[in-house]
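Colleague: Sharing a structure here in structure tokens format.
Just so it is clear, none of the values below were taken in a lab; they were calculated from the coordinates. No experiment lies behind these values; they were computed from the predicted model shown. Every residue, glycine as well, gets a Cβ built from its backbone with ideal geometry; the counts of neighbours run over all protein chains shown.
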């Protein structure tokens, strides 16, 4: 009997809007062309120069599309924006503007809202993801970005490094670069939440971050961990369809099947353990569906 | 022009289901009758013995309603459940069962799903909120609770102390009891998420926790902090309509208007600061609407 009632309720799930835009979460250090290759990139016969940024460009709708660069995560926003302006110009985009939001007051200004309204795509640069959530959290500019992502067909929001980490809740910040096996040593807060129940971590293999993501997932196995290697990205469409691109691997940490963890039994400062996480390593072209069991959105 | 487009999009917000059930988040140590009163309760001429639990009982639908006690947060689940069984019997509820989930495997068992299906209301006891998220996160039992909360008119989920803290995302756990003014000293993860963008803290005035909630809100001002004093509760209906009951105060910390914070500029271990939080102190009978600006649920 319980089973039938549950099934009936599931019919209502479609009521939540399926996003018409897409997300491009990049693990940092994406190829910008003309730079020296890493050892892995040298060895990778599938390596394509500027693959990820070219994908971003190719997704933009309209003629002469405007790309909006958001350097808010960076403490050197001018330099950070300049890199992307040059790169996008090189890739044939003439119309590049900068959403130069440096504090919470900026995030309410009509001129910035108007820029978000005109953009065909957004590129959120690297820096510190905590700057993004502390400055943009709950702001009119963020809300408008979410509305455009939800309702505007083909609208794309890209983020690299901090810009990718901030896209979802939970958001990891300032965990130990190596390690993360000590309870409490991984700092988590809510992200900008274009996705939910997903923890995106970046520079993933480069910085050995699977342990910190696992600690995050152990505290609530209802969330999926996604580790993005450098020059590697996921494109998310319809809110949950994931496709991998770029030269490295994407690590998926699925905790739904966790059978045991001591995270709630040990004290802060003690090493944690966890059993039966499911881990996937995905390469360019691979696809993955984020669980939508929680599409009640409550 | 931007303005019109935004308004149009807002029309779609109603698509997300409005919960038909209600939540009762209690700050811990709710009056169970026949116990010694605290100094504040003695002085409070409005104090009513067992007010909060009587409200819970009065909300239950049906004749001979079944109350399901969830003692999973407690390391002494039998004792914890026994207290509530006795209390509910005393208040005239004959039909009390215990959802004795002690680990992740339990949270998938059909017999527990069946109990959740039969319950008229759920009471989540105190203990450690991290036990609740680590054990129930992403589980079939949690999903069924969410479905019942969303679709079943009059279904009520109560939680006290840890049971209240775990109801929403972000969830604070193991922050310093006093203080919380040091960056990184407040641990946050995702909660069971019957509510979102709300941080519920408990034993609030008793344990001086406004600072740790403020740190949580500063990291993402898109979230509202709700501090529940002991023997004080909020009842949440329609997903965002809050009403206060009980003998103490509820503290609301609204960070949407934050103009400045150094949380993204300082290092872990340094004291943080924040300006222009809005704080409300509400007493029994007062109401408050949680912002629904984010009802896109993305």
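Colleague: Checking the a/c ratio against 1.5 first, then a/b against b/c, what shape does the Cα gyration tensor give for segment A:175-257? Write down the numbers at each step before the final one.
Modeller: Values: a/c = 1.89, a/b = 1.23, b/c = 1.54.
Note, shape of segment A:175-257 comes out oblate.
Colleague: List, shortest first and in nm to one decimal, how far the label point of residue B:97 (7 Å from Cα along Cα→Cβ) is from its counterparts in the other copies.
Modeller: 5.9
Colleague: Another question, then. Nearest-5 percent of antiparallel DSSP beta bridges in chain B?
Modeller: Numbers: 30 of 52 bridges.
Around 60 percent antiparallel, to the nearest 5.
Colleague: In what order do A:216, A:235, A:223 fall by count of nearby beta-carbon atoms within 10 Å, going from fewest to most?
Modeller: By the 10 Å Cβ count, ascending, the order reads A:235, A:216, A:223.
Colleague: Follow-up question, since we're still on this one. Round to the nearest 10 and give me the degree value, 0 to 90, for the angle of helix B:210-219's Cα axis relative to the longest principal axis of chain B.
Modeller: 60 degrees
Colleague: Can you compute the FRET efficiency between residue A:63 and residue A:111 using 1/(1 + (r/R0)^6), with r the Cβ-Cβ distance and R0 = 25 Å? Round to the nearest 0.05. Display every interim value, and only then the final one.
Modeller: Numbers: r = 24 Å, r/R0 = 0.96.
Result of the calculation: an efficiency of 0.55.
Colleague: Please work out how much length the chain gains when fully extended from residue B:266 to residue B:20, using 0.36 nm per residue of separation minus the C-alpha to C-alpha distance, in nm with one decimal.
Modeller: Fully extending the segment from residue B:266 to residue B:20 adds 84.2 nm.
Colleague: Tell me, A:47, A:272, A:194 in order of fewest to most beta-carbon neighbours within 10 Å?
Modeller: Final ranking by Cβ density, sparse to dense: A:47, A:272, A:194.
Colleague: So, in Å, what gap is there between the alpha-carbon centers of segment B:36-58 and segment A:20-82?
Modeller: Between the Cα centre of segment B:36-58 and that of segment A:20-82, the gap is 59 Å.
Colleague: In deg cm²/dmol and to the nearest 500, what is the mean residue ellipticity at 222 nm of chain B if only DSSP H runs of at least 4 residues count, each as -39500 (n - 2.57), divided by the residue total?
Modeller: -7500 deg cm²/dmol, from helical runs alone.
Colleague: If each label sits 7 angstrom from Cα along the C-beta direction, how far apart, in nm, is residue A:279 from its counterparts in the other copies?
Modeller: So the distances to the same position in the other copies read 4.5 nm.
Colleague: Could the peptides A:51-58, A:278-285, B:250-257 be put in order, highest first, of the mean number of other beta-carbon atoms found within 10 Å of their residues?
Modeller: Going from most to least packed, we get B:250-257, A:51-58, A:278-285.
Colleague: Copy-to-copy spacing for residue B:34, label 7 Å out on the Cα-to-C-beta vector, in nm, shortest first?
Modeller: 8.2
Colleague: Further, regarding this structure: Estimate the FRET efficiency between residue A:42 and residue B:102 by the formula 1/(1 + (r/R0)^6), using the beta-carbon distance for r and 56 Å for R0, to the nearest 0.05.
Modeller: Taking R0 as 56 Å, the efficiency between residue A:42 and residue B:102 is 0.60.
Colleague: Here's something else I'd like to know. Using the beta-carbon distance between residue A:75 and residue B:259 and R0 = 25 Å, what value does 1/(1 + (r/R0)^6) give for FRET efficiency, to the nearest 0.05?
Modeller: After rounding, the FRET efficiency stands at 0.85.
Colleague: Let me know the mean shielding of B:129-142 by other chains, meaning the per-residue number of their Cβ atoms within 10 Å of its Cβ.
Modeller: Across the residues of B:129-142, the mean count of other-chain Cβ atoms within 10 Å is 6.
Colleague: Mind jotting down the distance between the C-alpha centroids of segment A:107-164 and segment A:182-253, whole Å?
Modeller: After rounding, the separation between the Cα centres reads 20 Å.
Colleague: Report the relative contact order of chain A, percent, no decimals, based on alpha-carbon pairs under 8 angstrom and at least 6 residues apart.
Modeller: Details: 689 pairs, mean separation 59.8, N = 298.
Contact order relative to length: 20 percent.
Colleague: Separate question: Roughly how crowded by other chains is peptide B:253-264, in terms of the mean Cβ count from those chains within 10 Å of each of its Cβ atoms?
Modeller: 5
Colleague: Specify the residue with the greatest mean-square fluctuation among B:193, B:50, B:114, computed from a Gaussian network of chain B linking alpha-carbon atoms under 10 Å apart.
Modeller: B:114
Colleague: Related question: Have a look at the DSSP beta bridges in the protein assembly as shown and tell me what percent are antiparallel, nearest 5.
Modeller: Approximately 60 percent, going by the DSSP bridge assignments.
Colleague: Oh, and also: So for the pair residue A:83, residue B:273, with labels modelled 7 Å out along Cα→Cβ, what separation do we get in nm?
Modeller: Placing both labels 7 Å along Cα→Cβ, they lie 3.1 nm apart.
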